[in-house]
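Quick notes on the structure that follows.
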2 protein chains.
Amino acid sequence: MTMEEKTENKKIGIKEIAKLANVSIATVDRVLNNRKDVSEATRAKVQAIIKESNYQPNLYARALSVKNNLSFAVLIPKTSSQTGYWDLCLKGIKQGIQEFSTFGITIDIFLYDQEDVKTFIKMSEDVLSRNFNAVVIAPIFISETIVFVEECKKRKIESIFVNSDIKGCSSLGYIGPDLYSTGRLAANLTSYLVPAKSKLLILNIARGLQNYAYLNTKIEGYTSYLNNLNKGFEISNIDIPSNNYDEIAIDLLRHIGEFNPDLIFVTNSRVSVVGRFFNEFKHIKKPHIIGFDFLTENVEFLSNGMIDFLICQRPDKQGYLALDYLYRHFLLKNEKENFKPMPIDILTIENYLFYEN
Amino acid sequence: MTMEEKTENKKIGIKEIAKLANVSIATVDRVLNNRKDVSEATRAKVQAIIKESNYQPNLYARALSVKNNLSFAVLIPKTSSQTGYWDLCLKGIKQGIQEFSTFGITIDIFLYDQEDVKTFIKMSEDVLSRNFNAVVIAPIFISETIVFVEECKKRKIESIFVNSDIKGCSSLGYIGPDLYSTGRLAANLTSYLVPAKSKLLILNIARGLQNYAYLNTKIEGYTSYLNNLNKGFEISNIDIPSNNYDEIAIDLLRHIGEFNPDLIFVTNSRVSVVGRFFNEFKHIKKPHIIGFDFLTENVEFLSNGMIDFLICQRPDKQGYLALDYLYRHFLLKNEKENFKPMPIDILTIENYLFYEN
DNA sequence: CAGCAACTCGTTAACGTTACCGAAGGTGCT
DNA sequence: AGCACCTTCGGTAACGTTAACGAGTTGCTG
């Protein structure tokens, strides 16, 4: 049976509604925007017509008409020499700025040093010294972030987290992946890469590790999955609190020499240094490698087969979505959506080429 | 070093340009849209000012002002009882309809039966009998599609393909994944799932297989990757040209009994029937299974561990992007973009939950 | 009952762009 | 001179929505 679907598009406007309800367009506008100055009787009548006519507001007309004075702040780490991760997030933010500036929204970016809590405090004070309507935060420094958000709440500044979450802290929630699940996914892929009783090395590379609570969430997901499998894996967990390649390399040499893992799971985007390591010390048997994030330096080692899997979360989309959420919250007055965690992507040597499209 | 970035957003409009150039806004509009009725002298003057002021047109105002009369046709298979794949594509199409109807674009959907070429011919004639500006086509029936597109070209109707491509045929190109690469990716994952010298079964399940040229592209990618690996895999390729589960099951029983594969690669979205098969015949040793597409019935077998990997391509996004491309082409008068293939996603039991977000 | 607040509602000018209409000036022809 | 015609340009009404302003009504106070 063949079939043709017709799309009926008699877009109804505020004007027609007004005519149908025998009121002026201003009254319809008042009803639509839940403003006062309209009697219950007419409100009900207009609302009925709105509902049955399936009215959809013309966002373009609204964008044109409204002269907003909204301003948002973005408070995230600056890109360090060690990882380009935050550049990607910033890219999405800038796309958002481009798009939302048409609506009269101004957005200011504050970058702090994720290895220096003082810079975070300084930047957060800068944010408070101005008068923003909302702030996007990447909560690296947990306790300081909590203090900051509390102050925001007092001043009626909305807050939203990206990249990682502090449960119940921000006023508008969290946009990012479910970190526990990323750990489980890494474990799932691990189970495909190595046979039972293999030796697995969990590797945390970052200075100031005490701040990176979200790494532990990933590790919990990873180990819980593997323990359930009951395949007799031998798991070792190592911290290398450094950003210096030589320091990391020598530490790796020590641990790998004595443990000799079949697979290394790098818990953040620093996986490329492990790739570099095995590129340099070719006499050491290369284990399987799993890591995070679509960074140029990581992709290099994915493309030459050094890294097996990269687990990714589209940080640019994350940054964009944060602004988009604020836009919807303030401009479209959307009821608070309960956003779901972002997709978790798997990249291999065979599909990374198409990822950024 | 801490740092704050400022975004300067002095959006300049057509009115200011007119003032700067000492002309009316009508003239500026004429210059902007390359219309005639403006002298070379003033055109140059206005163009200079436009360039140096970095003018960006306000798309919302344009959308509001322009009363378009564009109409697009969408010509894709209807969802069969066998697979919900095309429903997803349709979902994206409908989202596009929703969004672009604001611009005065009307979109009509023509669904044909992918098992009956006559319905395709009938629908394509229906399309031609009306006067569309462009048509989105899923080219299942290769030769008939070529005939149809040629006729479209004669009538100045633009065409764009989704899901699979006929190289150089459509006037506006192709939106979808690189099919050869999806085959290679399946092979890549295969190499992780099974050891050397394993027995691999490539399974094509579809009626009228001669029409599904794109399945062969996937198979070429798959086998070429595996041959390069040189791991002594034993590969068998089987067609089951049926839509009836019992027929498929009995055929599977025959082949699996004699071949006893370690892994089955189902080349399209029909992978769930294989899951159902091994669910029913529990005495047969279940091989690893790789298949395509995020369909409810497939996800069911992904979630219970029957299927190891699903390779996906967001068909809804595909449908949406096709309409979005037409919108840009006609409305924004974008120069012809050379679009890149869509991302290829990998779904496992651990990340499928977040995919639709 | 004057006065004034509170409530309800309509009129209208914007927002930036497009497109129609016609004015002004020039050229060529009778 | 008169007329037709063309080129070049400006004026302006839309598009759908918002918000400032003010007009009309009611109810209450002193």
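None of the figures in this text is laboratory data; all of them are computed from the coordinates on show. This is a predicted model, so every value here is computed, not measured. Here the Cβ is made from the backbone with ideal geometry for all residues, glycine too, and neighbour counts use every protein chain on show.
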A:ALA206 long-range amide H proximity, modeled H, under 5 Å: A:ILE240, A:SER242
Coordinate range along principal axes, alpha carbons of the stretch A:1-156, Å, largest first: 62, 52, 27
Label distances, nm, B:GLU115 versus same residue in remaining copies, Cβ-directed 7 Å point: 6.4
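Among the listed pairs A:LYS15/B:LYS36; A:LYS91/B:LYS19; A:LYS11/B:LYS91; A:LYS36/B:LYS94; A:LYS340/B:LYS67, which have their C-alpha atoms separated by more than 32 angstrom in this model? Can you show the working numbers first?
Numbers: A:LYS15/B:LYS36 36 Å; A:LYS91/B:LYS19 35 Å; A:LYS11/B:LYS91 20 Å; A:LYS36/B:LYS94 36 Å; A:LYS340/B:LYS67 38 Å.
As for pairs spanning more than 32 Å Cα to Cα, those are A:LYS15/B:LYS36; A:LYS91/B:LYS19; A:LYS36/B:LYS94; A:LYS340/B:LYS67.
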Taking all pairs of distinct alpha-carbon atoms in chain A, Kirkwood radius in angstrom: 23.3 Å
Kyte-Doolittle mean at least 0.0 and Cα axial length at least 15 Å: DSSP H helices in chain B: B:117-129, B:142-154, B:179-193, B:245-259
Trypsin sites (Lys or Arg not before Pro) within the stretch A:179-218: DSSP coil, no more than 15 neighbouring Cβ in 10 Å: A:LYS197
Separation between Cα centres of the stretch A:172-221 and the stretch A:84-109, rounded to whole Å: 29 Å
For B:ARG43, label point 7 Å along C-beta direction: distances to other copies, nm: 5.8
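For the stretch A:41-71, run through the trypsin sites (Lys or Arg not before Pro) and keep only the ones in DSSP coil with at most 11 other Cβ atoms within 10 Å of their Cβ. Before the final figure, lay out the partial values.
Details: sites: A:ARG43, A:LYS45, A:LYS51, A:ARG62, A:LYS67; in loops: A:LYS67.
Here the trypsin sites (Lys or Arg not before Pro) that fit, given the DSSP loop and packing criteria, are A:LYS67.
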Hits among lysines - C-alpha to C-alpha of B:LYS285 under 30 Å, sequence gap 8 or more where chains match: A:LYS197, A:LYS199, A:LYS231, B:LYS197, B:LYS199, B:LYS218, B:LYS231
Ratio Rg/Rh [Cα only; Rh per Kirkwood] for the stretch B:14-92: 1.34
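What do you get for Rg/Rh of the stretch A:118-249 when both radii come from the Cα atoms and Rh is the Kirkwood radius? Show your work: numbers first, answer last.
Working: Rg = 18.5 Å, Rh = 17.0 Å.
Rounded to two decimals, Rg over Rh is 1.09.
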Restricting the stretch A:251-357 to GluC sites (Glu not before Pro) in coil, as DSSP defines it, with at most 10 other Cβ within 10 Å: A:GLU335
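Antiparallel DSSP bridges in chain A: what percent, to the nearest 5?
Details: 3 of 37 bridges.
Counting only bridges with both partners in chain A, antiparallel ones make up about 10 percent.
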Spin-label model distance (nm) - B:LYS19 vs A:LYS67, 7 Å beyond Cα toward Cβ: 1.3 nm
Cα pair distances of the stretch A:158-224 binned at 5 Å [whole percent]: 4, 15, 21, 20, 17, 11, 6, 3, 2, 0
Computed E for B:ALA44/A:TYR245 - FRET, C-beta separation, R0 60 angstrom, nearest 0.05: 0.60
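With Rg and the Kirkwood Rh both taken from Cα atoms, where does Rg over Rh land for the protein assembly as shown? If you can, show how the numbers build up before the last one.
Working: Rg = 28.5 Å, Rh = 28.7 Å.
With Rg and the Kirkwood Rh in hand, the quotient comes to 0.99.
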For the stretch A:208-280, alpha-carbon Rg and Dmax in angstrom: 13.2, 37
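Charges at C-beta only: +1 for Lys and Arg, -1 for Asp and Glu. How large is the resulting dipole of the stretch B:30-112 about its Cα centre, in Debye rounded to 20? Display every interim value, and only then the final one.
Details: 11 positive and 6 negative charges, 56 e Å.
Using Cβ point charges on Lys, Arg, Asp and Glu, the stretch B:30-112 gives about 260 debye.
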Exam field: A:SER24 pseudo-label spacings to other copies (7 Å along Cα-Cβ), nanometres: 3.2
Bins of 5 Å, starting at 0 and running to the largest distance - Cα pair percent for the stretch A:76-187: 2, 11, 20, 23, 22, 14, 6, 2, 1, 0
